[in-house]
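**Q** Below: one structure in structure tokens.
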Amino acid sequence: MATGPRRRETAMSVPATEHHDPAVAFESAKLGVWTFLATEVLLFGALFTAYTVFRMKYPEMFRVEHAKLDRVLGAVNTVVLITSSLMVVLGVDAIKRGKARLLEAYFGATILLAAVFLFVKYTEYAAKFHHGLYPRTNLFFSLYFMMTGLHGIHVLIGMGLLSYVIVLSRRGRLSASYSTPAEMSGLYWHFVDLVWIYLFPLLYLIG
Amino acid sequence: MEGVERPEAEGNGRGYLAERGWRSWAFTLDHKRVGAMYLWTTIFFFLVGGVFALLLRLELLSPQARYFSNHTYNVFFTLHGSMMIFLFIIPAIPSGLGNFFIPLQLGARDVAFPRLNLASYWVFAAGFLVVIGSLVAPMDTGWTFYTPYSAKSAAAVTTLSLGIFLLGMSSILTGLNFIVTIHKLRAPGMTWYRMPLFLWGMYATSIIQVIATPVVGVTFLLLAAERVFGVGFFDPSKGGDPVLFQHFFWFYSHPVVYVMILPAMGIVSEVIPVFSRKPIFGYKAIAWSSMAIALGGFLVWGHHMFTSGMSPLANTIFSLMTFFVAVPTAVKVFNWTATLYRGSITFEAPMLYALTFIFLFIVGGLTGPFLGALATNVQLHDTYFVVAHFHYTMMGGTVMGFFAGLHYWFPKMTGKMLNEKVARVAWALIFVGFNVTFFTMFIVGVRGMPRRYAEYLPKFQVENVVSTIGAAVLALGILVMCWNLFQGLRKGAPAPANPWRALSLEWRAASPPETENFHEIPVVTEGPYGYGTKKA
């Protein structure tokens with residue numbers, strides 16, 4: 001590493017270091033994202049705790065109120081999100097085989113499915129408001145709106161990340177030997193998907 | 001292992017400080033500059049928070065509210081607490097000194113994610129700007145923001161909640177960065193058990209930051225939702241539960257006292273062996289006690305809520321767990337004492353502060369079990385005894401540890417030496433002032449004076465006047481210290497690379513270090529505490 005005179009580093013540049021060792025950089029990114037996902041689990045964890053507390057306290061209210069949610073739309077959205085996760089996996093697989101255009105197509109499909117998800121969510125919210133069901137209506141709908149709302153924000157952030165990966169790929173920055181951004185945003189997307197896998201039965205199905 | 005690198009050999013001798021202009025700071029990816037920005041910011045808020053403390057002490061000179069209204073007094077103690085906790089104690093050592101010294105002690109050139117590191121500073125800046133913005137309708141809830149009052153108060157709780165959410169985010173990003181850095185960027189030969197104990201402390205701290213902070217983040221979001229959307233999680237009239245807020249709040253805020261104390265303990269573990277010229281006693285015990293504190297600290301939050309109406313069973317379990325978490329803390333104190341035993345001790349300023357840490361922290365630590373035990377807690381809850389205990393651990397502990405680190409690493413960070421005589425005068429003033437201020441609070445607390453009121457019974461006046469005089473001495477000491485630091489920065493004598501003859505890797509870099517830290521990544525062959533054995 002340190003052969004010959006060193007380039008003078010400035011405060012605004014990342015020093016030429018072991019950071020540029022691709023293996024270390026990849027391992028670091030992976031550990032970083034997993035650690036970040038741990039914080040995300042705790043972020044949603046507080047809401048799941050509130051859900052548990054209030055469900056035990058008011059089982060009757062949960063039984064009555066959950067019936068007001070639209071199970072069909074919830075199920076549709078579940079399928080949409082799981083399919084989008086599949087697209088992400090296929091996209092990561094594509095770039096590992098060096099196929100940048102294919103990656104862009106798969107990630108584009110993911111973003112499209114995410115948009116479908118949010119649109120369905122929007123129609124659900126609109127219907128609830130129409131029937132006078134707001135976050136302040138009762139604890140069940142407080143939980144419903146806070147949990148799905150926070151999840152919706154994560155979907156939006158995920159769409160941003162995936163778009164960024166597409167931009168990187170269009171600029172030719174990704175290849176079979178360097179696919180870290182695609183893999184990391186993929187991990188994040190699976191997490192967003194996973195949260196929904198819990199939200200759907202807890203809110204829509206069990207009474 | 002080549003000899004000590006000389007700063008003269010480094011060109012202009014300004015190292016990482018060579019570049020000038022605000023852009024070189026605002027867009028820097030250098031962990032040392034990010035650390036320095038955190039230090040400046042946090043020290044600023046420490047002084048502002050201190051001014052609020054002095055105003056409180058001024059008001060408490062007389063039993064009646066004389067200078068400010070009750071509301072103003074409530075605002076002042078809220079601002080004092082919130083600023084000291086969220087803008088000083090939590091970020092000062094981890095984000096300030098930690099940022100600066102983690103890569104240097106690891107033998108790395110930077111943290112794992114330099115851009116994320118810079119981003120965390122700017123998220124922090126956005127956070128404190130929002131917090132300052134909330135001053136249009138200042139908070140009067142105390143730093144604990146308990147519902148239902150905080151959900152109804154006319155103060156800008158929503159704004160402040162969002163500010164603290166941002167501060168929390170910055171804290172998470174920093175912790176995440178440090179975890180990955182310590183895992184992945186250790187120099188060749190730097191095994192876990194060859195790491196300086198400061199790094200173990202920082203590693204344990206980072207774990208708490210990453211796991212606990214999101215919970216308080218979402219709690220503040222829910223509090224904001226309570227106020228904006230009328231969500232009723234914490235509102236009994238909607239079937240919610242205010243105690244749930246307390247659980248969420250303390251699930252973060254108890255572990256976070258270890259975010260405050262563990263890095264300071266790490267600094268003490270560095271300073272004590274250097275100025276005793278002895279290997280640290282019980283390295284592994286100290287290292288693992290940090291981890292034990294971090295993990296055990298997650299299981300004791302309920303001891304803040306003994307009078308909130310939890311079940312007797314929960315109270316008993318939390319009380320018992322609280323005694324367990326005192327054990328690893330005591331392990332550290334015994335090991336430091338054993339390190340001092342028959343050492344060649346010298347009393348430079350860093351050592352004075354480190355010894356002060358041990359002394360004051362023992363007082364703070366031993367008064368903890370009085371509060372952790374159910375029976376005595378019911379008597380002492382929300383009295384000045386709590387205030388005294390808290391300040392003995394946080395100011396007597398963390399802040400003294402921070403000062404120790406500041407004096408210990410000042411030559412490395414700035415390339416200048418401090419005036420040792422002035423530093424000792426400042427230390428003496430701080431030590432005396434601190435004890436006069438806070439020891440009297442134990443006494444009034446036991447006698448039953450409640451905290452958080454602008455007025456009190458006349459029978460407590462003598463102690464309160466004594467305490468205020470102590471606060472003035474303490475403030476004078478801190479002013480002298482700041483003046484000394486400032487003078488050192490301006491015209492201190494040039495510092496050699498290793499003024500304390502210390503063995504950890506940061507002292508092998510120049511003073512101040514070059515941007516790239518080391519010309520060649522050092523190869524580590526032994527632990528950092530071989531004092532009094534061979535060359536050191």
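The values are calculated or read from the model by the stated rules, or taken from the named source; none is laboratory data. This is a predicted model, so every value here is computed, not measured. Ideal geometry is used to build each Cβ from the backbone, glycine not excepted, and the neighbour counts take in all protein chains shown.
One line per residue, one yes/no per condition, for (1) closer than 30 Å to residue B:56 by Cα; (2) crowded, with 23+ Cβ neighbours inside 10 Å:
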position	(1), (2)
B:332	no, yes
B:344	no, no
B:383	yes, no
B:387	yes, no
B:396	yes, yes
B:403	yes, yes
B:416	no, no
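**Q** Would it be correct to say that residue B:244 is facing chain A (nearest Cβ under 9 Å) and under 15 Å from residue B:160 (Cβ atoms)?
**A** For residue B:244, the condition - facing chain A (nearest Cβ under 9 Å) and under 15 Å from residue B:160 (Cβ atoms) - is not met.
**Q** Taking the conditions exactly as written (closer than 23 Å to residue B:99 by Cβ and within 10 Å of chain A (Cβ to nearest Cβ)), does residue B:213 satisfy them or not?
**A** yes
**Q** Still on this structure, please answer the following. Tell me which helices (runs of 4 or more DSSP H) are completely within segment B:1-93 and hold 2 or more residues being farther than 30 Å from residue B:459 by Cβ and at pLDDT below 95, or say none if there are none.
**A** Those helices (runs of 4 or more DSSP H) span B:22-26.
**Q** Only one residue in B:123, B:157 is closer than 28 Å to residue B:96 by Cβ and in contact with a Ser or Thr (Cβ under 7 Å, 6 or more places away or on another chain). Which one? Spell out the reasoning first.
**A** Details: B:157 fails: closer than 28 Å to residue B:96 by Cβ.
Only one candidate passes the filter, namely B:123.
**Q** I've got another one for you. Which count do you get for residues in segment B:164-186 that are among the small types (Gly, Ala, Ser) and at the interface with chain A (Cβ under 9 Å from one of its Cβ atoms)?
**A** Summing the residues that are among the small types (Gly, Ala, Ser) and at the interface with chain A (Cβ under 9 Å from one of its Cβ atoms) in segment B:164-186 gives 1.
**Q** A further question on this structure: Report, ordered by the first and then the second residue, all pairs with beta carbons closer than 6 Å, sequence separation of six or more or different chains, a first member in segment B:457-484 that is without any contact (Cβ under 8 Å) to a residue 40 or more places away in the chain, and a second member that is among the hydrophobic types (A, V, I, L, M, F, W, C).
**A** B:463/B:443; B:463/B:444; B:470/B:436
**Q** Scan segment B:91-106 for residues that are more than 10 Å from chain A (Cβ to nearest Cβ) and in contact with a strand residue (DSSP E or B) (Cβ under 8 Å, 6 or more places away or on another chain) and jot them down.
**A** Matches in segment B:91-106: B:104 only.
**Q** Would you pick out the residues in segment B:247-264 that are more than 13 Å from chain A (Cβ to nearest Cβ) and under 24 Å from residue A:147 (Cβ atoms)?
**A** Going through segment B:247-264, the residues more than 13 Å from chain A (Cβ to nearest Cβ) turn out to be B:253-254, B:256-264.
Answer for segment B:247-264, where residues must be more than 13 Å from chain A (Cβ to nearest Cβ) and under 24 Å from residue A:147 (Cβ atoms): just B:253.
**Q** For segment A:18-73, name all the residues that are outside any helix (DSSP H, G or I) and more than 8 Å from chain B (Cβ to nearest Cβ).
**A** Across segment A:18-73, the qualifying residues are A:21, A:67, A:68, A:69, A:70.
**Q** While we're here: Inside segment A:169-179, can you point out the residues that are in a helix (DSSP H, G or I) and crowded, with 18+ Cβ neighbours inside 10 Å?
**A** A:169
**Q** Going through B:226, B:270 one at a time, which residue ends up being within 19 Å of the chain's Cα centre (by Cα) and more than 23 Å from residue B:390 (Cα to Cα)?
**A** Working: B:226 fails: within 19 Å of the chain's Cα centre (by Cα).
Unique residue meeting the criteria: B:270.
**Q** Looking only at segment B:361-381, which residues are surrounded by fewer than 24 Cβ atoms within 10 Å (Cβ to Cβ) and within 22 Å of the chain's Cα centre (by Cα)?
**A** Scanning segment B:361-381 gives B:362, B:363, B:364, B:365, B:366, B:367, B:368, B:369, B:371, B:372.
**Q** Right, another one. Every residue in segment A:99-135 that is in contact with a Ser or Thr (Cβ under 7 Å, 6 or more places away or on another chain) and at pLDDT below 95, please.
**A** A:135
**Q** Evaluate the following for residue A:101: is it of a type in the set (Lys, Arg), more than 19 Å from the chain's Cα centre (by Cα), under 30 Å from residue B:220 (Cβ atoms) and assigned to a helix (DSSP H, G or I)?
**A** no
**Q** Another question about this same structure. Criterion first (within 14 Å of chain A (Cβ to nearest Cβ), in contact with a helix residue (DSSP H, G or I) (Cβ under 9 Å, 6 or more places away or on another chain) and part of a helix (DSSP H, G or I)) does residue B:112 satisfy it?
**A** For residue B:112, the condition - within 14 Å of chain A (Cβ to nearest Cβ), in contact with a helix residue (DSSP H, G or I) (Cβ under 9 Å, 6 or more places away or on another chain) and part of a helix (DSSP H, G or I) - is not met.
**Q** Report, by residue number, each residue of segment A:25-69 that is of a type in the set (Phe, Trp, Tyr) and under 17 Å from residue B:232 (Cβ atoms).
**A** A:51, A:54, A:58, A:62
**Q** Does segment B:121-169 hold any residues that are part of a loop (DSSP other than H, G, I, E, B) and within 21 Å of the chain's Cα centre (by Cα), and which are they?
**A** B:142, B:143, B:144, B:145, listed by residue number.
Condition check ((1) within 14 Å of chain B (Cβ to nearest Cβ); (2) of a type outside the set (Asp, Glu); (3) on the phi < 0 side of the Ramachandran plot) across all residues:
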position	(1), (2), (3)
A:101	no, yes, yes
A:111	no, yes, yes
A:115	no, yes, yes
A:124	no, no, yes
A:130	no, yes, yes
A:137	yes, yes, yes
A:143	yes, yes, yes
A:146	yes, yes, yes
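**Q** Something else about it: Filter segment B:207-240 down to residues that are acidic (Asp, Glu) and outside any helix (DSSP H, G or I), then give me how many there are.
**A** 1
**Q** Ok, one more. Among residues belonging to segment B:191-210 that are within 24 Å of residue B:271 (Cα to Cα) and touching a Ser or Thr at 6+ places or on another chain (Cβ under 7 Å), point out the one that is nearest to the other protein chains (Cβ to nearest Cβ).
**A** B:204
**Q** Any idea which of (1) closer than 30 Å to residue B:423 by Cα; (2) not in a helix (DSSP H, G or I) is the one residue B:356 doesn't satisfy?
**A** So the condition that residue B:356 fails would be (2).
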